[in-house]
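The values are calculated or read from the model by the stated rules, or taken from the named source; none is laboratory data. Worth saying up front: this structure is predicted, and the values here are computed from it rather than measured. Here the Cβ positions follow ideal geometry from the backbone for every residue, glycine too, while neighbour counts run over all protein chains shown. When the accessible area is computed, the model is the full protein with side chains, heavy atoms only, and any ligands, DNA or RNA have been set aside. Shrake-Rupley method; radii C 1.70, N 1.55, O 1.52, S 1.80 Å.
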Amino acid sequence: MRQWPDDRVAFGGDYNPEQWPREVWADDLRLMEAAGVSFVTLGVFSWSWLEPSKGEYVFDWLDEVMDRLGEHGIAVDLATATATPPPWLSAAYPEILPVDREGRTLWPGSRQAWCPSSPVYRDLALALTDRMAERYHEHPALAMWHVSNEYACHNLPCYCDTCAEAFRRWLERRYATLDALNEAWGTAFWSQRYTDWADVLPPRITTTFGNPTHELDYHRFGSDTLLDFFLAEKEVIRRHSPDVPVTTNFMTLSGFRLLDYHDWAPHQDVVSTDHYVVDALPHPRAELSFHGDLTRGLAGGAPWMLMEHSTSAVNWQPVNPAKRPGDTLLDSLTHVARGADTLGFFQWRQSRAGSEKFHSALVPHAGEDSDRFREVCALGAVAGRLGEVVGSRVEAEVALLWDYEAEWAVAGPCMPSAALDYVTAAHTVHRLLRDRGVTCDVVHPDADLSGYRVVVVPTLYLVSDEAAASVAAAAEAGAHVVVTYFSGIADPDDHVRLGGYPGAFRELLGVRVEELFPLRVGETVALEGGGHGTVWSEDARTAGAEVLQSYADGPLAGRPAVTRRAVGPGAAWYLGTLPDDATLGRLLDRIVAEAGITPVAAVPTGVEVTRRRSATGSWLFVLNHTDDDCTLQVTGHDLVAGADVGPVTTVPARTAAVVREA
Ligand code: GAL
């Protein structure tokens, strides 16, 4: 075994040599050296090659690949290969196949076709894990274990009978009695009261709307079930390999909301994630930054690994544009700017066959004589020069609260507006703060909030009493707390808190809302003093808060839209609507100023800045996403350009600087 490479930002990606004839392997090593690759993830989808029939293990090819990588000084993040079963396995044990909400079996022929609750699948996967760990735990190239791959990506939720049984057992552990379950699920409604555990089913397709708490618990159950699977694989690895770090790659990108990563993260020796830029989003690069901050929050502020991203196009959108020149560098360095110490890609060599043949890779179809490969080599060289940054931490004075349970609940059946997306307020505030050079830690509501000058609470619909108290305590201690619309409404059982919204935050905000007025898609409402609200509005009355802006038209004309209540040395700000960017930006300017936060650096909009710091120094990241050169005041050594800079530094259009500050 070997140490994870930390003398540089680790650079590499998924390596699938089984897709290529042996003669290509030597070429792979030559090109990896040229590109500065320091690690690969190996074996993610290799089960059918490692165990071609039940109990027949074939390791010689993997031995050879591991040996060669080791000889070339390339660290291996070795997968347990349990992400996708081989065809013989699904044929012999069809009961492992997942079932969708409509009761349809999801057949093999793609990947991850296994039921999360299947004991049969689990036994077979653990047997393979055991063999892998036994064989490779002392291999000199082994530096990390990669359990499965992107748990839940395609096989959750599963609604099969095995899951139904496992769900009942999970519910019995959670509630102990049927009375407690009936109370939590509110089954007095629509004749849903249960009198026998055996009658409880997964939330399969129904005549009309299902029970929201039933659905919420099914999310919790799914996340817990797969976490348990991960822990079982980890335990098997640990028996052979107690000292090598173990991780599984999360998917902290927008739209993936199947696992509660706050539960998963403490079980990772290092938090790793995959991120792909989604072209159709209104602000794809702001979303990238958000998810870097979220991953850092999951890691408790520690450096994390970007296990996968793409050099250029992906293959899974309706239209998959290639990245513009500069974007590969900018995207990669955005992750490092937000705390990543590893830059991994899917995948090393672009496939010739299979459904990912048009997904970009480090080595494109065009081969080494291509701009893309030259760009990859340049990026690998930059990663090499960034070694001194490894281990440092990102500085942030703002906490933005994020909770997968609240996200699940907001997406539940029959809400006031299906057009309300949990992420909208969070992403908007984060983007506008990013535009202002203000960095956020995206953290769970239970996180320690004591060190933050500003705490943003976006659409925290479902919240525990404890978390609400911690937000209030942060305000009492002097933080500026910013609560947006549709927060504090429900408790963890998804029961509405009575007496007026926003229930859990009513007293803190000094605001009482009698009725919700979600806006229609595209509808806006004018605000006194200029600007307009979007997405949402609420019929609020103040009870101790100062009104900053009221609605100027519509059914709520004259009612408060934005308020502020002084709390000790801090304040509690309330946003009953989502103001347009300019209006919200002005408000955030005021909040940031009142909180005494100084932006990381003074730069034009479109230039992103963060700072990482360690005991030995600080590094200013400047990511110029614009088409114009940008100048700023900073003196030091730019690790990207490999040159001393300052006191006035120019960062050319569509490139980046990482300045070790003098
Ligand atoms: C990830 C997955 C990779 C590859 C990639 C394509 O979800 O882990 O194996 O499929 O997406 O973007």
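Some points to look at:
- Count of residues meeting criterion [in contact with a helix residue (DSSP H, G or I) (Cβ under 9 Å, 6 or more places away or on another chain) and either under 28 Å from THR105 (Cβ atoms) or surrounded by fewer than 17 Cβ atoms within 10 Å (Cβ to Cβ) (or both)] in the stretch 187-196: 6
- Being surrounded by 24 or more Cβ atoms within 10 Å (Cβ to Cβ), not aromatic (Phe, Trp, Tyr) and not in a helix (DSSP H, G or I) holds for only one residue in GLY499, GLY522, GLY488, and it is GLY488.
- Some residue of the stretch 331-349 being out of contact with any helix residue (DSSP H, G or I) (no Cβ under 9 Å at 6 or more places or on another chain), open to solvent by 10 Å² or more (accessible area, probe 1.4 Å) and within 12 Å of the ligand (Cβ to nearest atom): yes
- Residues within the stretch 632-650 that are open to solvent by less than 40 Å² (accessible area, probe 1.4 Å), more than 12 Å from ARG660 (Cα to Cα) and among the aliphatic types (A, V, I, L, M), tallied: 1
- GLN317 under 30 Å from PRO458 (Cα atoms), of a type in the set (S, T, N, Q), open to solvent by 10 Å² or more (accessible area, probe 1.4 Å) and assigned by TED's automatic domain parsing to the domain that holds VAL40: yes
- Test for ALA399: is it in a strand (DSSP E or B), open to solvent by less than 10 Å² (accessible area, probe 1.4 Å) and not β-branched (Val, Ile, Thr): yes
- Remark: pairs (first residue in the stretch 298-317, touching a residue at least 12 places away in the same chain (Cβ under 8 Å) and more than 8 Å from the ligand (Cβ to nearest atom); second residue open to solvent by less than 10 Å² (accessible area, probe 1.4 Å) and of a type in the set (Lys, Arg); Cβ separation under 8 Å; 6+ apart in sequence or on different chains) = ALA302/ARG296; TRP304/ARG296.
- Hits in the stretch 31-48 (condition: more than 16 Å from the ligand (Cβ to nearest atom) and open to solvent by 40 Å² or more (accessible area, probe 1.4 Å)): GLU33, ALA34
- The sole residue among ASP293, ASP274 that is of a type in the set (Asp, Glu), under 25 Å from ASN155 (Cβ atoms), at pLDDT 95 or above and in contact with a strand residue (DSSP E or B) (Cβ under 9 Å, 6 or more places away or on another chain) is ASP274.
- Checked across the stretch 67-76, the condition of being open to solvent by less than 10 Å² (accessible area, probe 1.4 Å), at pLDDT 95 or above, over 23 Å from TYR151 (Cα atoms) and not in a helix (DSSP H, G or I) holds for at least one residue.
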